[in-house]
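Read the structure below first, then the notes.
The values are calculated or read from the model by the stated rules, or taken from the named source; none is laboratory data. Keep in mind that this is a model prediction, so the values were computed, not measured. Cβ placement follows ideal geometry from the backbone for every residue including glycine, while neighbour counts extend to all protein chains displayed.
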Amino acid sequence: MLRTITILSLALMLVSCKWGAGEKPKTAEVAEAPVLTSLKDSGLPCFKCHSYEKFSADASGKFSHAKHITFGVHCNQCHIIKAHHEINLNKSTCDNCHHLTTFAYANSGMPVNFSHQNHTKKYGCGECHPKTFQMKKGSTKITMDDMYKGNSCGKCHNGKAAFSSRDCAKCHNMAAVMKKDFSYPSGDMSPAIFSHQVHTAMFECSNCHPALFKYKKGGSGMKMDDLYQNKFCGSCHNGQSAFGSSECQRCHK
């Protein structure tokens with residue numbers, strides 16, 4: 001009897017050692033904030049359809065649920081929840097903390113003002129953020145060329161959904177720029193003087209920008225030889241549409 005018990009004990013030890021050897025080592029789990037962990041196990045109906053992992057992600061430049069929950073903001077403060085319907089965003093909630101009024105972008109020659117209030121009257125935040133613009137101001141690169149291709153602001157400002165992005169004066173305060181003459185230095189002659197006011201009395205901004213000239217002064221690398229080949233100013237100043245570019249004194253005073 002004793003012999004039988006000893007054999008069974010040895011057999012069980014061998015089996016348990018085999019199982020132990022085949023076990024995979026446990027990986028260290030990244031600790032989550034207690035608030036998020038409690039939500040995961042809270043039985044909220046949100047997570048029956050929505051991914052908790054996506055909800056808890058905290059990526060730079062994008063809206064962070066994790067950060068807002070840590071601040072004590074509850075789902076119902078931001079979302080208008082109706083069972084089996086789309087969870088709409090309460091548009092006034094963001095403004096309560098962030099005071100979203102008008103942003104000024106001054107990284108161009110002509111500063112532009114953007115009004116959140118005007119846009120949120122028609123659209124929800126999720127229609128622009130983060131798929132078109134990241135949440136942090138200035139983190140999304142915006143250029144006029146991109147807009148003309150239907151990107152960034154041009155996604156709506158295409159002349160159909162909203163006024164065209166080529167209608168510069170709608171966003172840019174151009175009064176000061178239009179009244180100012182631009183001076184282009186020349187090596188052998190006096191500077192060439194260009195008047196926006198004179199030209200915009202006859203043409204739209206899009207007639208010249210950006211097909212002929214980049215928006216940044218001096219950014220196009222214009223030379224007189226180019227003008228003689230009917231490029232840049234020479235595309236109009238060819239002696240037919242306007243006085244010829246060879247009439248030096250008309251621009252070089």
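Note on the range 106-129: among residues that are in a loop (DSSP other than H, G, I, E, B) and among the aliphatic types (A, V, I, L, M), the one that is nearest to C78 (Cα to Cα) is A106. Looking across the range 216-253, the residues that are among the charged types (D, E, K, R) and within 16 Å of S190 (Cα to Cα) come down to K223, E247, R250, K253.
The number of residues in the range 130-157 that are over 12 Å from the mean Cα position of the chain (by Cα) and not in a helix (DSSP H, G or I) comes to 4. Confirm whether F243 is surrounded by 12 or more Cβ atoms within 10 Å (Cβ to Cβ), over 41 Å from the mean Cα position of the chain (by Cα), assigned to a loop (DSSP other than H, G, I, E, B) and not β-branched (V, I, T). Here the answer is yes, as F243 does meet what is asked.
Per-residue answers, yes or no, for (1) exposed (fewer than 13 other Cβ atoms within 10 Å of the Cβ); (2) in a helix (DSSP H, G or I):
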position: G159; (1), (2): yes, no
position: A162; (1), (2): no, no
position: R166; (1), (2): no, no
position: A176; (1), (2): yes, yes
position: G187; (1), (2): yes, no
position: I193; (1), (2): no, no
position: F203; (1), (2): yes, no
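Of all residues in the range 143-178, those that are touching a residue at least 24 places away in the same chain (Cβ under 8 Å) and touching a helix residue (DSSP H, G or I) at 6+ places or on another chain (Cβ under 7 Å) total 5.
The set of residues in the range 205-240 being in a loop (DSSP other than H, G, I, E, B), hydroxyl-bearing (S, T, Y) and either free of Cβ contacts under 8 Å to residues at least 12 places away in the same chain or over 19 Å from V177 (Cα atoms) (or both) is empty. Among residues that are charged (D, E, K, R) and more than 18 Å from T102 (Cα to Cα), K122 is not included.
Residue by residue, here is whether (1) modelled with pLDDT under 95; (2) out of contact with any His (no Cβ under 6 Å at 6 or more places or on another chain); (3) small (G, A, S) holds:
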| site | (1), (2), (3) |
| --- | --- |
| G124 | yes, yes, yes |
| C128 | yes, yes, no |
| M135 | yes, no, no |
| T140 | yes, yes, no |
| T143 | yes, yes, no |
| D146 | yes, yes, no |
| G150 | yes, yes, yes |
| G159 | yes, yes, yes |
| A162 | yes, yes, yes |
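Out of S152, S139, one residue alone is of a type in the set (G, A, S) and within 30 Å of K180 (Cβ to Cβ). It is S152.
Quick one: is I80 at pLDDT 70 or above, surrounded by 10 or more Cβ atoms within 10 Å (Cβ to Cβ) and not assigned by TED's automatic domain parsing to the domain that holds E127?
Criteria met by I80.
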